[in-house]
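J.: Okay, here's the structure, questions in a sec.
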Amino acid sequence: MQDMRSDVELLVHLTDDCPVVFDRVARFNVVLTAKVIARWADRSLQTISDYRSGKTNIPIEFWRRVLEHYFDARIIQLLVPDCLYWEAFDPGRLVNTAPSFFKEAVAAEGAHHEQMKMVAEILGDGRVDEIDASSIAKFNDAYMEHRTRDIALHRSINAAYTCARQKAGAS
């Protein structure tokens, strides 16, 4: 069961601050107002007002519809309160179809996999010493960079492939 008070607080915060946010569906910036949220969630302004005042419970479907348009980690936390770990990436920022990117990213991923094999071997002997701890710390330090690069490589490969197919179809 959701804590309605936290829902109300989030909705009030979003609509009172009126931040400029990126609408992921329309693909442009909007001022986040009660009217915009009402449109996104297909609700009346009166319903939004009732939600804001706590007069009416805010259904999870409302937050799902808002999340389709505007990514906010607090909404994820409302929808999945027991979630301890999740990742969010900006898909637009993670696409690079320059030929040099693919070579560099694959080389970096190869280095990461070599490091992973070394860490697995270190842990395989059942002993941990200072060298092991140092290697594992380096592996952990580089992990998020690897995750970001891996997703960027995947998205970029698919973007380049889609572009090549479109060009081939246009010929």
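The values are calculated or read from the model by the stated rules, or taken from the named source; none is laboratory data. Since the model is a prediction, treat every value here as computed from it, not as a measurement. Cβ coordinates were reconstructed from backbone atoms using ideal geometry, including for glycine residues, and neighbour counts include every protein chain displayed. Accessible surface areas use protein heavy atoms only, side chains included; no ligands, DNA or RNA. Shrake-Rupley method; radii C 1.70, N 1.55, O 1.52, S 1.80 Å.
J.: Taking K35 as the anchor, which lysines have their alpha carbon closer than 26 Å to its alpha carbon, excluding any fewer than eight residues away along the same chain?
T.: Straight-distance partners of K35: K55.
J.: Quick one: Cα centre-to-centre distance for the stretch 8-61 and the stretch 92-171, in angstrom?
T.: Each part reduced to its Cα centre gives a spacing of 38 Å.
J.: Residue separation times 0.36 nm, minus the C-alpha to C-alpha distance between E68 and H113: what's the value?
T.: This chain segment gains 12.7 nm when fully extended.
J.: Which of rounded, prolate, oblate describes the stretch 8-70, given a ≥ b ≥ c as roots of the alpha-carbon gyration tensor eigenvalues and a/c under 1.5 marking rounded, otherwise prolate only if a/b is larger than b/c?
T.: prolate
J.: If one takes the longest principal axis of the Cα atoms in the chain, at what angle in degrees, from 0 to 90 and to the nearest 10, does the Cα axis of helix 4-17 lie?
T.: 90 degrees
J.: When the accessible area of the stretch 128-171 is split by element with a 1.4 Å probe, what percent falls to carbon and sulfur?
T.: 56 percent
J.: What number comes out for accessible area per residue over the chain if the probe is 1.4 Å? Units Å², please.
T.: Values: 11290 Å² over 171 residues.
Dividing the accessible area of the chain by its residue count gives 66 Å².
J.: What nm value, rounded to one decimal, do you get for the distance between V31 and S135 when each label is placed 7 Å out toward the C-beta?
T.: 5.8 nm
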